[in-house]
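Colleague: I have a structure here, written as structure tokens, and I will follow up with some questions on it.
The values are calculated or read from the model by the stated rules, or taken from the named source; none is laboratory data. Small disclaimer: the values here were computed from a predicted structure and weren't measured. Heads up, the Cβs are rebuilt from the backbone with ideal geometry, glycines too, and the neighbour counts pull from every protein chain shown. SASA here: full protein model, heavy atoms, side chains in, ligands and nucleic acids out. Shrake-Rupley method; radii C 1.70, N 1.55, O 1.52, S 1.80 Å.
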Amino acid sequence: MAAPEIRRVGVVGLGAMGAGIAQLAIQAGYETVGREVTDELGTKANDRIAHFLQRKVDKEQMTTAERESALAALTLTTELADLVDCDLVIEAIVEDLGPKLELFAELERIVRPDAVLATNTSALSVTEIAAATSSPERVVGMHFFNPAPLMPLVEIVRAELSSDDAMDAAFAVGERMGKRPIRCHDTPGFVVNRVLIPLLNDCLRVLDEARVSPEDLDTAMTAGAGWPMGPCTLVDLVGIDVHVHASEALYEKLREPRMAPPPRIVAMKNAGLLGRKSGRGFYTYD
Ligand SMILES: NC(=O)c1ccc[n+]([C@@H]2O[C@H](COP(=O)([O-])OP(=O)(O)OC[C@H]3O[C@@H](n4cnc5c(N)ncnc54)[C@H](O)[C@@H]3O)[C@@H](O)[C@H]2O)c1
């Protein structure tokens, strides 16, 4: 299969990640079709994108005309069938294998046989998702980081049967979106999370072991190790529920004790202390 030239991009799921990916796609000049499960959710995502592009205009990073033409390139739908002419579809729906398998099997019936299918999964196996289709060679991972419009990295993930063409096409799209793509194979956590999750869990264990405060731990890692942000600040930003989920997923796959979420952070999750998004985590937010 020769991968097509990518002109039209589909994004399925316009939540935290999907809306950011759709924004990147329209900023890069792709005709983009965004699919949400309801019109209300689609409109909400569109409003968020319009808001972020307005901020770019305000900061003189974009002209009003560029903003308008970017927004005009985005079509919203609730119908998967409207992805029919897409050359690349990026999936960013809920992090559950069942719905992703169902979606990929359905996408395969809708898009052209040479269209590339990408998943933004953080912790599931891209190979397993690809196996829901009869053409796994066209399936790759495109793992963006949150917030997608701002974080420079995208991991382009080669599943067991991904073709070079599909990898190259996804890599080129990442570059055109202004990202710094890297290639890696489909292993649990890919590159960044494989390194970062156990490291953050070590940091959180040190809170109790060394009886250090979150503020002092953050100071230790920023002032002593040159981290741009302390681990407690980072976990609050990522979301304590998201961090626990990613830790559990990696632990389930690798069975390395360092991957398992420390009990303290599981208790925080259960108490609804989710970090920035709930107003309270290691720190309190307005
Ligand atoms: N949030 C992060 O930090 C982050 C970072 C990298 C990758 N990811 C991955 O991106 C994907 C999306 O995560 P998110 O944080 O944007 O989630 P989210 O909950 O913000 O958005 C998920 C979207 O999928 C839609 N959806 C839910 N169930 C669906 C279904 N059965 N069929 C179709 N659509 C459905 C929802 O309407 C929602 O808009 C996940 O696979 C996640 O692991 C998340």
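Colleague: Can you work out which of the residues in the range 171-192 that are closer than 15 Å to residue 121 by Cα and among the hydrophobic types (A, V, I, L, M, F, W, C) is surrounded by the most Cβ atoms within 10 Å (Cβ to Cβ)?
Modeller: 190
Colleague: Can I ask one more? Check off (1) within 15 Å of the ligand (Cβ to nearest atom); (2) touching an Asp or Glu at 6+ places or on another chain (Cβ under 9 Å) for residue 238 and give me the number that stays unchecked.
Modeller: Condition (2) is where residue 238 drops out.
Colleague: Among the numbered conditions (1) open to solvent by 10 Å² or more (accessible area, probe 1.4 Å); (2) without any contact (Cβ under 8 Å) to a residue 60 or more places away in the chain; (3) among the hydroxyl-bearing types (Ser, Thr, Tyr), tell me where residue 283 comes up short.
Modeller: Here residue 283 clears every test but (2).
Colleague: Given the conditions (1) touching a strand residue (DSSP E or B) at 6+ places or on another chain (Cβ under 7 Å); (2) in a loop (DSSP other than H, G, I, E, B); (3) open to solvent by 40 Å² or more (accessible area, probe 1.4 Å), report the number of the one that residue 82 does not fulfil.
Modeller: Unmet for residue 82, out of (1) touching a strand residue (DSSP E or B) at 6+ places or on another chain (Cβ under 7 Å); (2) in a loop (DSSP other than H, G, I, E, B); (3) open to solvent by 40 Å² or more (accessible area, probe 1.4 Å): (2).
Colleague: Another question, if that's okay. Could you give me the residue pairs with C-beta distances under 7 Å whose first residue belongs to the range 142-156 and is at pLDDT 95 or above, whose second residue is part of a loop (DSSP other than H, G, I, E, B) and among the basic types (Lys, Arg) wherever it lies, and which are 6+ apart or on separate chains?
Modeller: 152/179; 153/179; 154/179
Colleague: Please work out if residue 111 is β-branched (Val, Ile, Thr), over 18 Å from residue 19 (Cβ atoms) and at pLDDT 95 or above. Reasoning before the result, please.
Modeller: Values: β-branched (Val, Ile, Thr): yes; over 18 Å from residue 19 (Cβ atoms): yes; at pLDDT 95 or above: yes.
Spelling it out, residue 111 is indeed β-branched (Val, Ile, Thr), over 18 Å from residue 19 (Cβ atoms) and at pLDDT 95 or above.
Colleague: Next up: What about residue 126, is it over 21 Å from the mean Cα position of the chain (by Cα), at pLDDT 95 or above and buried (at least 19 other Cβ atoms within 10 Å of the Cβ)? Even if it seems obvious, please write down each step before you answer.
Modeller: Values: over 21 Å from the mean Cα position of the chain (by Cα): no; at pLDDT 95 or above: yes; buried (at least 19 other Cβ atoms within 10 Å of the Cβ): yes.
Criteria not met by residue 126.
Colleague: Filter the range 193-209 down to residues that are over 27 Å from residue 17 (Cβ atoms) and either basic (Lys, Arg) or open to solvent by less than 60 Å² (accessible area, probe 1.4 Å) (or both), then give me how many there are.
Modeller: The initial filter retains those residues of the range 193-209 that are over 27 Å from residue 17 (Cβ atoms), namely 205-209.
If we keep only those that are either basic (Lys, Arg) or open to solvent by less than 60 Å² (accessible area, probe 1.4 Å) (or both) as well, we get 205-207.
Number satisfying all stated conditions: 3.
Colleague: Next question, about the same structure. Any idea which residue in the range 228-267 is nearest to the chain's Cα centre (by Cα), counting only those that are in contact (Cβ under 8 Å) with a residue 12 or more places away in the chain and in a loop (DSSP other than H, G, I, E, B)? Outline the logic, then answer.
Modeller: Step one: list which residues in the range 228-267 are in contact (Cβ under 8 Å) with a residue 12 or more places away in the chain, which gives 230-241, 243-250, 253-254, 256, 258-262, 264-266.
Narrowing further to those that are in a loop (DSSP other than H, G, I, E, B): 230, 239, 256, 260-262.
Details: 230: 22, 239: 14, 256: 24, 260: 21, 261: 21, 262: 24 Å.
So, considering only residues that are in contact (Cβ under 8 Å) with a residue 12 or more places away in the chain and in a loop (DSSP other than H, G, I, E, B), the one nearest to the chain's Cα centre (by Cα) is 239.
Colleague: Give just the number: which of (1) touching a residue at least 12 places away in the same chain (Cβ under 8 Å); (2) under 23 Å from residue 277 (Cα atoms) does residue 219 not satisfy?
Modeller: With (1) touching a residue at least 12 places away in the same chain (Cβ under 8 Å); (2) under 23 Å from residue 277 (Cα atoms) applied to residue 219, the lone miss is (1).
Colleague: Please list, ordered by first then second residue, the pairs with beta carbon atoms under 7 Å, 6 or more apart or interchain, first in the range 70-94 and within 12 Å of the ligand (Cβ to nearest atom), second open to solvent by 70 Å² or more (accessible area, probe 1.4 Å).
Modeller: Pairs found: 78/37; 78/39; 80/106.
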